[in-house]
Amino acid sequence: MADLLLGQVLSFNGDPFGLGPKAARVNEAVVVDQGRIAAVGSAASLRATFPQARVTDYGQHLISAGFVDAHVHYPQTAIIASWGKRLIDWLNQYTFPEEMRFADPAYAAEVAARYFDLALAHGTTSMCSYATIHPASVDAFFEQAQARGLRAFAGKTCMDRNAPEGLRDTAQSAYDDSKALLAKWHGRERLSYVITPRFSPTSTPEQLAAMGALWAENPDCLMQTHLSEQTDEIAWVKDLFPQSRDYLDTYEAHGLLREGAVYGHAIHLTPHEKARLAQAGASVVHCPTSNTFIGSGLFDMGLAQSLRVGLATDTGGGSSFSMLRTMAASYEVAQLRGQALHPSQLWWLATQGSARALRAEHQIGNIAVGAEADLVVVNLASTPAIEQATRRAEGIWQAVFPTIMLGDDRAIDAVWIAGRLLL
Ligand code: GUN
Ligand code: ZN
């Protein structure tokens with residue numbers, strides 16, 4: 001049976017970085033049927049066209065596409081908010097010991113379940129995650145995503161150097177394991193496998209080349225990795241790859257730069273790297289709570305003019321599971337660079353922008369006819385502080401912005417996955 005949802009239904013008919021706020025539209029109603037958006041319009045017209053539909057009235061709540069988290073490490077769920085280190089120390093002190101525990105498939109399954117429960121409670125309906133080097137950590141992720149009916153992306157994190165014993169594979173085993181996981185999961189229901197070398201410091205040139213070969217054999221997959229997050233990391237890459245022109249070249253030289261490449265962070269880029277990313281049609285993902293938490297730097301949102309830019313929590317380097325909090329951090333970081341992002345741009349980044357960075361913009365990230373019906377219902381007065389700030393709001397964006405800046409999981413009133421009410 002079709003469902004007719006009433007509320008403030010937010011859709012984008014374009015990119016607000018090009019079109020400005022008029023890229024967004026608010027309608028009174030949306031109809032979902034057989035997992036997809038069937039119609040968007042006025043309450044009266046949709047009631048007349050779909051007289052049999054079951055009606056749910058969400059009042060003044062915002063009905064949006066669910067949030068899309070374009071870069072997350074689900075195995076780092078339990079180490080979120082670990083105190084005080086630079087990236088490389090943080091990896092060695094917290095991340096690698098925690099990822100080691102994923103050798104136990106039961107632990108991987110437990111954390112995957114917990115991660116999805118947290119993500120959904122925060123209104124995140126799709127995510128692109130790193131697993132650990134253990135193939136069973138990929139199975140755990142996809143099994144939990146499948147059980148919830150989600151569109152989700154992930155891959156086995158590959159590392160064959162500069163990681164502790166027990167967290168290293170080899171060029172060959174990374175290729176073989178990734179290939180087997182890809183064959184098992186890619187394209188199954190709503191799941192996509194992502195080829196995932198962690199970053200150049202933890203892969204030998206042989207392993208990067210093996211990942212490039214696997215990607216050439218499976219060109220419709222995404223490939224994700226990290227790029228230019230911290231200055232000392234970049235100096236390390238220069239030492240490890242003395243022949244390379246720059247950090248991006250360590251990927252490009254091994255077949256890991258083209259459309260479908262998704263680079264996390266991408267903060268300290270040279271003009272040449274920016275130009276190559278744009279020519280190649282690659283995506284970059286802004287992880288603002290992580291970049292401030294680990295002290296990495298201030299992302300240049302000017303890149304949104306020439307690149308696909310997604311938004312992400314980067315949990316557990318990031319300090320929140322909430323894409324609302326992530327939008328707020330993105331706003332703050334842009335302010336520090338003299339860029340004032342409009343709320344429509346922030347919301348677009350967290351939905352359609354991230355979907356586009358993952359080349360899934362026709363399936364998820366927007367309320368458009370034919371798109372998959374993953375929806376989040378947002379209470380725009382979820383706490384006393386937010387409620388009083390919205391009282392005098394004129395127009396949708398004044399009403400939404402306090403929730404962006406002050407909101408969290410308390411603002412998430414309901415989540416629909418593929419046209420079914422999940423929570
Ligand atoms: N660079 C390589 N691995 C990681 C990671 O797990 N988190 C972050 N923030 N950066 C990385
Ligand atoms: Zn990351």
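Observations on the model:
- For residue 104, nonlocal amide neighbours, meaning residues 5 or more places apart or on other chains whose placed amide H falls under 5 Å from its own, do not occur.
- Every helix of 4 or more DSSP H residues in the chain counts as -39500 (n - 2.57), and over all residues that averages to -10000 deg cm²/dmol at 222 nm.
- Compared with the dominant Cα axis of the chain, that is its longest principal axis, helix 171-185 is turned about 20°.
- Phi to ³J(HN,Hα) by Karplus 6.51 cos²θ - 1.76 cosθ + 1.60 over the range 370-387, Hz, x for Gly, Pro: x, 6, 5, 8, 9, 10, 10, 9, 10, 6, 7, 9, 7, 9, x, 5, 6, 4
- Angle between the chain longest axis and helix 205-217 axis [Cα atoms, degrees, rounded to 10]: 50 degrees
- Whole-Hz ³J(HN,Hα) from phi, Karplus 6.51 cos²θ - 1.76 cosθ + 1.60, for the range 395-404, glycine and proline x: x, 4, 6, 5, 6, 8, 4, x, 5, 4
- What separates the Cα centres of the range 301-341 and the range 251-273 is a distance of 18 Å.
- For the peptides 342-352, 85-95, the ranking by packing is 342-352, 85-95, with the highest mean count of neighbouring Cβ atoms within 10 Å listed first.
- Note on 159, 127, 1: ascending count of other Cβ atoms within 10 Å places them as 1, 159, 127, the fewest first.
- Degrees between helix 105-121 axis and first principal axis of the chain (Cα, 0 to 90, nearest 10): 40 degrees
- Above 23 Å, the calculated P(r) of the range 256-379 contains 29 percent of its Cα-Cα pairs.
- Its relative contact order, with pairs defined as Cα atoms under 8 Å and 6+ residues apart, puts the chain at 20 percent.
- 3J(HN,Hα) from dihedral phi, the range 92-97, Karplus parametrisation 6.51/-1.76/1.60, rounded to Hz, x for glycine, proline: 6, 7, 10, 6, 5, x
- Remark: the range 58-187 projects, on average over all directions, an area of 9.3 nm² (convex hull of Cα atoms).
- Listed peptides 312-322, 392-402 by packing density, highest first (mean Cβ within 10 Å): 312-322, 392-402
- Cα-based Kirkwood hydrodynamic radius, the chain, one decimal, Å: 21.5 Å
- Part-to-part distance (alpha-carbon centres) for the range 348-413 and the range 48-88, which is given in Å: 9 Å
- By the Stokes-Einstein formula, at 0.890 mPa s and 25 °C, the range 367-416 with its Kirkwood radius over alpha-carbon pairs has D equal to 209 µm²/s.
- Computed over the range 1-107: relative contact order in percent, which uses C-alpha pairs under 8 Å that are six or more apart: 27 percent
- Cα shape, the range 84-140, gyration tensor, a/c 1.5 rule: oblate
- Considering only Cα atoms, the convex hull volume of the range 267-338 works out to 81 Å³ per residue.
- Under 5 Å, built H, 5+ apart or other chain: amide partners of residue 186: 193
- Proximal charge balance of residue 148 [Cβ under 12 Å; K/R count +1, D/E count -1]: -1
- Close amide H contacts of residue 311 (hydrogens built in the peptide plane, cut-off under 5 Å, sequence separation of 5 or more or a different chain): 70, 286, 354.
- Total formal charge among the other residues, if their Cβ is under 13 angstrom from that of residue 378, Lys/Arg +1 and Asp/Glu -1: -2
Throughout, read-outs are computed from the coordinates displayed, never taken from laboratory work. Note that the structure is predicted; figures quoted are calculated from it, not measured. In this analysis, Cβ positions are derived from the backbone assuming ideal geometry, glycine residues included, and neighbour counts consider all displayed protein chains.
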